[in-house]
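Visitor: Handing you a structure now.
The values are calculated or read from the model by the stated rules, or taken from the named source; none is laboratory data. Only a predicted model underlies this, so the values are computations on that prediction, with no experimental measurement involved. We place every Cβ from the backbone using ideal geometry, glycine too, and count neighbours over all the protein chains shown.
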């Protein structure tokens, strides 16, 4: 079974930009979520994907991701995701044998910047770059669905 082992962090400053080797634009939308599980559609670097992710157990979760035609991904974003489409630039930053992914959000989550790193095992040793802040892996307020809900509520507030 495919497994994703991932940890997420706040970003303290822009020092990561000095080591960035590449970046891509991403648009994605949530198709469904329930009890810690989710399905999402994404367009990244001219390719469409659909992913189904299981409930987190520790830092791990089952992840099934499949290529789909970009036209299908566009239609899903337009018709299934309730016009709640996340836009971000993902930058790739190598450090001490790992590649950190720094996501800088636009659109509804503009101003949010998070970093994540995928691991081979949950107990893998991590050498943290100086620009990494507090860990948010288990902080539910940083789940995308919750961040979106907070922003939408704030936009509706008088």
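Visitor: Cβ-Cβ distance below 6 Å, separation of 6 or more or different chains: which pairs start in the stretch 123-152 with a residue that is at negative phi and in a loop (DSSP other than H, G, I, E, B) and end on one that is modelled with pLDDT of 90 or more and exposed (fewer than 13 other Cβ atoms within 10 Å of the Cβ)?
Guide: Here the result reads 127/96; 131/13, each pair linking the stretch 123-152 to a residue that is modelled with pLDDT of 90 or more and exposed (fewer than 13 other Cβ atoms within 10 Å of the Cβ).
Visitor: Another question, then. Looking at the stretch 66-92, which of its residues are within 15 Å of the chain's Cα centre (by Cα) and either farther than 15 Å from residue 31 by Cα or surrounded by fewer than 14 Cβ atoms within 10 Å (Cβ to Cβ) (or both)?
Guide: 87, 88, 89, 90, 91, 92
Visitor: Right, something else. Which members of the stretch 92-115 meet the condition of being part of a strand (DSSP E or B), in contact with a helix residue (DSSP H, G or I) (Cβ under 7 Å, 6 or more places away or on another chain) and either closer than 16 Å to residue 44 by Cα or at pLDDT below 95 (or both)?
Guide: Matches in the stretch 92-115: 102 only.
Visitor: Checking residue 16 against (1) surrounded by fewer than 17 Cβ atoms within 10 Å (Cβ to Cβ); (2) under 24 Å from residue 125 (Cα atoms), which test does it fail?
Guide: Looking at each condition in turn, residue 16 falls short on (1).
Visitor: Output the residues belonging to the stretch 55-65 that are exposed (fewer than 15 other Cβ atoms within 10 Å of the Cβ) and either at pLDDT 95 or above or out of contact with any strand residue (DSSP E or B) (no Cβ under 7 Å at 6 or more places or on another chain) (or both).
Guide: 57, 58, 64, 65
Visitor: Name the residues in the stretch 36-53 that are at pLDDT 95 or above and in contact with a strand residue (DSSP E or B) (Cβ under 6 Å, 6 or more places away or on another chain), would you?
Guide: Once the filter is applied, which keeps residues that are at pLDDT 95 or above and in contact with a strand residue (DSSP E or B) (Cβ under 6 Å, 6 or more places away or on another chain), the stretch 36-53 yields 39, 40, 41, 42, 43, 44, 48, 49, 50, 51, 52, 53.
Visitor: Okay, next question. Could you run through the stretch 9-41 and say how many residues are assigned to a strand (DSSP E or B) and out of contact with any helix residue (DSSP H, G or I) (no Cβ under 7 Å at 6 or more places or on another chain)?
Guide: Final tally of qualifying residues: 15.
Visitor: Any idea which of (1) at pLDDT below 95; (2) touching a strand residue (DSSP E or B) at 6+ places or on another chain (Cβ under 8 Å); (3) part of a loop (DSSP other than H, G, I, E, B); (4) under 20 Å from residue 8 (Cα atoms) is the one residue 81 doesn't satisfy?
Guide: (4)
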